[in-house]
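Below: the structure, in structure tokens.
The values are calculated or read from the model by the stated rules, or taken from the named source; none is laboratory data. Since this is a predicted model, take the numbers as computed values, not measurements. Cβ sites come from the backbone with ideal geometry, for glycine too, and all protein chains shown count toward neighbours.
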Amino acid sequence: MSTKEVVLPLIGVQLALLILFCVFGRYSTHEEDAAKYPMFQDVHVMIFIGFGFLMTFLKRYGFSSVGFTLLLGAFVVQWALLCQGFFRLDGDNKIEIGIESLYKADIAAASVMISLGAVLGRTSVLQLFIMGFIEIVVYSANSYLGATVLRVADAGGSIFVHAFGAYFGLAVSYVMNRKKEGNSETAVSLQESNYTSDLFAMIGTVFLWLYWPSFNAIELTGAEQSRAVVNTYLALAACTVTAFAASSLLTPERKFDMVHVQNSTLAGGVAAGAAANLVLLPVGAVVVGILAGFVSVYGYVRLSPTLERRLGVPDTCGVHNLHGMPGVFSGVLSVLMAAIATQNQYKLDLFDVYPARMPDFKIENSTAPRTAAQQAGFQALGLSVTLVIAIVTGLVTGFILKATTKAIPAKSEYDDATFWELCEASAPAGDTKAGMQYDNACFEVSTTDARLP
Amino acid sequence: MSTKEVVLPLIGVQLALLILFCVFGRYSTHEEDAAKYPMFQDVHVMIFIGFGFLMTFLKRYGFSSVGFTLLLGAFVVQWALLCQGFFRLDGDNKIEIGIESLYKADIAAASVMISLGAVLGRTSVLQLFIMGFIEIVVYSANSYLGATVLRVADAGGSIFVHAFGAYFGLAVSYVMNRKKEGNSETAVSLQESNYTSDLFAMIGTVFLWLYWPSFNAIELTGAEQSRAVVNTYLALAACTVTAFAASSLLTPERKFDMVHVQNSTLAGGVAAGAAANLVLLPVGAVVVGILAGFVSVYGYVRLSPTLERRLGVPDTCGVHNLHGMPGVFSGVLSVLMAAIATQNQYKLDLFDVYPARMPDFKIENSTAPRTAAQQAGFQALGLSVTLVIAIVTGLVTGFILKATTKAIPAKSEYDDATFWELCEASAPAGDTKAGMQYDNACFEVSTTDARLP
Amino acid sequence: MSTKEVVLPLIGVQLALLILFCVFGRYSTHEEDAAKYPMFQDVHVMIFIGFGFLMTFLKRYGFSSVGFTLLLGAFVVQWALLCQGFFRLDGDNKIEIGIESLYKADIAAASVMISLGAVLGRTSVLQLFIMGFIEIVVYSANSYLGATVLRVADAGGSIFVHAFGAYFGLAVSYVMNRKKEGNSETAVSLQESNYTSDLFAMIGTVFLWLYWPSFNAIELTGAEQSRAVVNTYLALAACTVTAFAASSLLTPERKFDMVHVQNSTLAGGVAAGAAANLVLLPVGAVVVGILAGFVSVYGYVRLSPTLERRLGVPDTCGVHNLHGMPGVFSGVLSVLMAAIATQNQYKLDLFDVYPARMPDFKIENSTAPRTAAQQAGFQALGLSVTLVIAIVTGLVTGFILKATTKAIPAKSEYDDATFWELCEASAPAGDTKAGMQYDNACFEVSTTDARLP
């Protein structure tokens, strides 16, 4: 198999982006965005180092994990700049691009990276590009609907990014998996990690863990931003302790499992997301972290096998456990918190957090501002709508991929050799014996050759 | 061996933290802390990526190194938020948590990570938790005594963090090592690094090296902060050149030794610490770096073997050479610098650096401010008290660990298999032959299996 | 071979730096530099993590790649602080050192790291030190000539850093390669990467990719800075998509090649450099990225073999394709952009971007400010002068290295064993068989020994 089929699409899509930037692109004049630059860089690291290396846990898919994260990310951030811009064109029908647009594009890319985690190893580059193209359109529309039309509060993107990306990706994964012959034994063995690949993955985990407060706080200022940082930090810390305990409790040999440490330690960041800027209080953040850590590990141990075997939804990185359930949990939490939010507790912040509750706010053909209960209802609506849209459009995307693209053969799944030149010099095509030597030469340091002068 | 014993303690401790946060936790209202956020994130990276990966140099202890750094760190930052908060409760007996508290908690965690480096590979998770629990209490009390009561100036924490953490950890290590049967050959062979593990460790080293100026400058503002950045940068650069020279000079084959490069290149940051904000002048910072680099490499080559064999103090990561001696050196430097500090040289900064020298400062039942000599005396007192407290409480902690917990067997030391599920599918317990295959499958890419369809 | 020869030079050079800092060093009083601190740290990561790990792609040269980056970087930043300072001594003949000087020193170090990439694996530490010593002198003089005397605009350093560093390094490489006996087979085999080393290299690539906007924007403020961030981000994204397409298009098996992904994805950052702060518009940045990505991959596939075989210029990391051609391309772009820059388009920024066009600007004994065409001419002059200076001084440096230092034997090239102690305990010198075992023990996890109690 080669990556030949993808050359023209890549060039075509980049030229199309060029034309769109030509027609619509303009520099932003909001120079005060510069204050967000350090947090933008933190988020930038999360998308490309965080997601990229987190997915290198597969022992023979490290090149693809980090490489496709870079490739797909480079495409979708450009496309997200445009798609998000179409929803807020300025007076001249131009899209203003500045530091704010860049971090919003990075956040949009996060949803695609999450979906990538669900289908990782079983998709061609062309399929990833089509998926990313559709997903960014739907993401932008759904975020606009939720945040701007419905005025749903989701500071850290747990609903619009994490839950959306996870269920979209799982729906794609479900459709692509249907009526497929059994997995080859090769692919099954390649779905494992090895010692080195697990350590590479920890680079991704730890950077995601460290910079998550920036992800949840980047859109905020003042006391809201400070609360988001504190809540996320505490939720992650409590989640980590709990995830280790749950890992030891729920695994057969009662030892820690790297999969849980790589992923479930992060669930607290997702779960804090939609409530990050709310007055959870430190204790609330700790509670959220504990629940998220336990739910996530439980998901890996008990739900993932069922999801794959019974429902036929493979989930390579377990995004359901890291982004899906914790995202929904965060959405539900945001409903509860909205229902009990009082002006007494939030002071003037209340109207920054929930603009639709502002006295002179005009929305939905009503002159009265929303009550706490109404805001809670809208939070629930936003979560529900997001889940429905994610699943439906994900299924449609899956069908489009099945109908229009060639699936990669089962024996080429989870294998970098499918897409990458691996020490080609010593591996003549079709020569199995030489193929083995080439493996040897590529995957290990060939000590004997190297030492003889 | 399993990690079963640790499940209940982990859950229990996290629930206890929850209750304490419920009773005492409150959001800080100091929004101006936001300016410290980028430096906070640098320090955050140092603790979890820096220390975590630096310790992955052990060839079979990478999961534990980076995993336990995350687990232990997640616990101790929460505990440090509380312990440090108890020393500055607000009017309502509440602890205010904001960005300042978070970076102070991270800095406290650094002391535990340093102690972890001394005992790495020979402790159970439960032992690490107990050690971290006690150490944070003592750290908080000692820092309060030194910085607030005695008004000792230690901007970069060389005394209160580095020297404290190192001698506390070495004292624990000493007690735990007593009356132990000889090391098994397995453990000895596992105390080595391999090529890949040494490269992973360099990720930790370089991030520590890069962000160290933030560590030394985070508590400062204005000219003091700028001096701390410049002094630390220069000390690290001079230290690095010197450490390479010393490494080649002092090793038998006259080649560079990775241990020195991973560790001694950082000694300049420790040594600059307590004097980081002082008017060392660029030349002074370079002198400090040169001395620290040489002392640290000398320690690795000459003192560490003696320390272990003669005194019975094992020191897995050589924290005595990276944090212990350079920390004491920095403390002594702070005595000398305090003795010669004049208002002429520091201008108004003098009273920011040494508040007890301010004309109207009331301290120790005296109406007169401290003289330079008196401040120098207090610096010496702070250093001495810290060393005594670290060693005594470290010894006590060691005895507590010996008395209350089960030591891990010598043959399970330095081995991730003791705590982690490693490719359990292919490794039935008790089947030695299968065990070897499982090793093979986990630690190398099993090329033959993977290629046959 | 040992590194004995380098001990005295290292100590001597560090003591010489000490004396120079003593005579000339002073703290800067420009505290407003603190606002640049986060971008400084981004650039800092690029130099030491970015370049350091990017070069670890060589399978047996990882210690040297990341270690020598640290060592050489630690030396040249000190030397650059002094050399750059000599061109702007203050009234007392002192050099002011503050955060601005530190990031300027880091940027200077980038030029040396680029040259290092050209000669990597074929030079001794002493040679690298001599090269770095000379290069920083020439770099400082050339940058002063170009930026201050000729008023050439090069915000991202494409001309003065990237093109300069690449052609200087290639010239050194050319001279050092002359009249050398054929490469040993060992060295040839060691010029390859393996699976793990390629993943380590991606750590460098991705951090360079992420922080490149900081590199191009750090010297700027306001709208210029914002444009530089947007232009660089878009150029890198477009470049990445194009580089993957070109990689698949131009490689024999039509697959992606890690070399291109590691390097050519970054060419957009170089190419945007000299025009980063200009009104390229988003579409212009995308065009620049597309061209850079294609040119860079084309260079790796078609030009590099020619360069080495026909012209005798080995280029270990392909710096000609990542820094050389894209740097020249950026310089040419800066000529064109200068020629069409109008005050209408730039508003008041025009005089920040091109100070020599300011109405009351006195330069070159003329009372009239430069026209757009004149500025374009000066851009072309700056580029040409830089290339001539880089090549001539690089050739001279090569001759100096050949004349004064001992070359490392061909069989010791690209091999960490030449400089580093590798598991010396188990490898008695001269015992080939033991040597093989030692390789085994160092480069793989020796599973059998480790499992038997």
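Answer yes or no: is there a residue in the stretch A:259-276 that is under 30 Å from B:Lys94 (Cα atoms), in contact (Cβ under 8 Å) with a residue 24 or more places away in the chain and surrounded by fewer than 22 Cβ atoms within 10 Å (Cβ to Cβ).
No, because not a single residue in the stretch A:259-276 is under 30 Å from B:Lys94 (Cα atoms), in contact (Cβ under 8 Å) with a residue 24 or more places away in the chain and surrounded by fewer than 22 Cβ atoms within 10 Å (Cβ to Cβ).
Can you give me the number of residues within the stretch A:117-152 that are outside any helix (DSSP H, G or I), of a type in the set (Val, Ile, Thr) and under 17 Å from A:Leu387 (Cα atoms)?
1
Let's see how each residue does on (1) in contact (Cβ under 8 Å) with a residue 24 or more places away in the chain; (2) more than 9 Å from chain C (Cβ to nearest Cβ):
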residue	(1), (2)
B:Ser189	no, no
B:Ala201	yes, yes
B:Phe207	yes, no
B:Trp212	yes, yes
B:Glu219	yes, yes
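In this structure, does B:Phe399 turn out to be touching a Leu at 6+ places or on another chain (Cβ under 6 Å), more than 14 Å from chain C (Cβ to nearest Cβ) and either modelled with pLDDT under 50 or not in a loop (DSSP other than H, G, I, E, B) (or both)?
Taking the combined requirement at face value, the residue does not satisfy it.
Note down all Cβ pairs under 7 Å where the first residue falls in the stretch C:159-173 and is touching a residue at least 12 places away in the same chain (Cβ under 8 Å) and more than 13 Å from C:Leu120 (Cα to Cα), the second is aromatic (Phe, Trp, Tyr) and part of a helix (DSSP H, G or I), and they're at least six residues apart or on different chains.
Sorted first by the residue in the stretch C:159-173, then by its partner, the pairs are C:Phe164/C:Tyr139.
Residue check: is C:Ser189 modelled with pLDDT under 95 and surrounded by fewer than 24 Cβ atoms within 10 Å (Cβ to Cβ)?
It is true that C:Ser189 is modelled with pLDDT under 95 and surrounded by fewer than 24 Cβ atoms within 10 Å (Cβ to Cβ).
Can we say A:Leu58 is of a type in the set (A, V, I, L, M, F, W, C) and more than 7 Å from chain C (Cβ to nearest Cβ)?
Judged against the criteria, A:Leu58 is a match.
Of the conditions (1) closer than 14 Å to B:Val270 by Cβ; (2) within 19 Å of the chain's Cα centre (by Cα), B:Asn231 fails just one. Which one is it?
Condition (2) is where B:Asn231 drops out.
Can you tell me which residues in the stretch A:19-32 are facing another protein chain (nearest Cβ under 7 Å), within 27 Å of the chain's Cα centre (by Cα) and in a helix (DSSP H, G or I)?
Hit for the stretch A:19-32 is A:Phe21, nothing else.
Just checking, which of B:Gly269, B:Gly284 is assigned to a helix (DSSP H, G or I), more than 7 Å from every other protein chain (Cβ to nearest Cβ), in contact with a helix residue (DSSP H, G or I) (Cβ under 7 Å, 6 or more places away or on another chain) and under 23 Å from B:Asp349 (Cα atoms)?
None of the others qualify; the one that does is B:Gly269.
Is it fair to say C:Tyr167 is among the aromatic types (Phe, Trp, Tyr), buried (at least 24 other Cβ atoms within 10 Å of the Cβ) and in contact with a Cys (Cβ under 9 Å, 6 or more places away or on another chain)?
In short, no.
The rows are residues; the columns are (1) in a strand (DSSP E or B); (2) at the interface with chain A (Cβ under 9 Å from one of its Cβ atoms).
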site	(1), (2)
B:Pro9	no, yes
B:Leu17	no, yes
B:Ala35	no, no
B:Phe75	no, yes
B:Gln84	no, no
B:Arg88	no, no
B:Glu96	yes, no
B:Asp106	no, no
B:Ala110	no, no
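With respect to A:Leu250, determine if the residue is more than 17 Å from the chain's Cα centre (by Cα), over 25 Å from A:Ala109 (Cα atoms) and of a type in the set (A, V, I, L, M).
Considered against the rule, which asks whether it is more than 17 Å from the chain's Cα centre (by Cα), over 25 Å from A:Ala109 (Cα atoms) and of a type in the set (A, V, I, L, M), A:Leu250 comes out as yes.
Within the stretch A:366-387, track down each residue that is in a helix (DSSP H, G or I) and either farther than 18 Å from A:Arg151 by Cα or not hydrophobic (A, V, I, L, M, F, W, C) (or both).
A:Gln374, A:Gln375, A:Gly377, A:Gln379, A:Gly382, A:Ser384, A:Thr386
Check C:Asp92, C:Asp154 and return the single one that is at negative phi, of a type in the set (Asp, Glu) and surrounded by fewer than 24 Cβ atoms within 10 Å (Cβ to Cβ).
None of the other options fit; the residue is C:Asp92.
Cβ-Cβ distance below 9 Å, separation of 6 or more or different chains: which pairs start in the stretch B:304-328 with a residue that is without any contact (Cβ under 8 Å) to a residue 12 or more places away in the chain and on the phi < 0 side of the Ramachandran plot and end on one that is surrounded by 24 or more Cβ atoms within 10 Å (Cβ to Cβ) and part of a loop (DSSP other than H, G, I, E, B)?
B:Glu308/B:Asp315
One line per residue, one yes/no per condition, for (1) among the aliphatic types (A, V, I, L, M); (2) more than 28 Å from A:Gln41 (Cα to Cα); (3) assigned to a helix (DSSP H, G or I); (4) more than 7 Å from chain A (Cβ to nearest Cβ):
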site: C:Glu224; (1), (2), (3), (4): no, no, yes, yes
site: C:Val241; (1), (2), (3), (4): yes, no, yes, no
site: C:Ser248; (1), (2), (3), (4): no, yes, yes, no
site: C:Ala276; (1), (2), (3), (4): yes, no, no, yes
site: C:Val279; (1), (2), (3), (4): yes, no, no, yes
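Just to be sure, is B:Thr123 in contact with a helix residue (DSSP H, G or I) (Cβ under 6 Å, 6 or more places away or on another chain) and either among the acidic types (Asp, Glu) or more than 8 Å from every other protein chain (Cβ to nearest Cβ) (or both)?
No: the conditions fail for B:Thr123.
Working carefully through the options B:Val297, B:Val301, B:Val332, B:Val313, find the one that is under 20 Å from the mean Cα position of the chain (by Cα), more than 25 Å from B:Thr221 (Cα to Cα) and not in a loop (DSSP other than H, G, I, E, B).
Going through B:Val297, B:Val301, B:Val332, B:Val313 in turn, just one is under 20 Å from the mean Cα position of the chain (by Cα), more than 25 Å from B:Thr221 (Cα to Cα) and not in a loop (DSSP other than H, G, I, E, B): B:Val297.
For B:Thr251, indicate whether it is hydroxyl-bearing (Ser, Thr, Tyr), crowded, with 24+ Cβ neighbours inside 10 Å and either closer than 23 Å to C:Val66 by Cα or touching a Leu at 6+ places or on another chain (Cβ under 8 Å) (or both).
So B:Thr251 does not fit the description; no.
Please tell me if B:Phe168 is of a type in the set (A, V, I, L, M, F, W, C), assigned to a helix (DSSP H, G or I) and closer than 26 Å to C:Val76 by Cα.
So B:Phe168 does not fit the description; no.
Which condition breaks for C:Ala155 when tested against (1) outside any helix (DSSP H, G or I); (2) within 11 Å of another protein chain (Cβ to nearest Cβ); (3) under 20 Å from the mean Cα position of the chain (by Cα)?
Every condition holds for C:Ala155 apart from (2).
So in the stretch C:58-73, with the set limited to residues that are assigned to a helix (DSSP H, G or I) and of a type in the set (Phe, Trp, Tyr), which one is farthest from C:Val43 (Cα to Cα)?
Among them, the one singled out is C:Phe63.
Taking the residues in the stretch B:287-297 that are within 14 Å of another protein chain (Cβ to nearest Cβ) and surrounded by fewer than 24 Cβ atoms within 10 Å (Cβ to Cβ) as candidates, determine which candidate is farthest from B:Asp198 (Cα to Cα).
That would be B:Val287.
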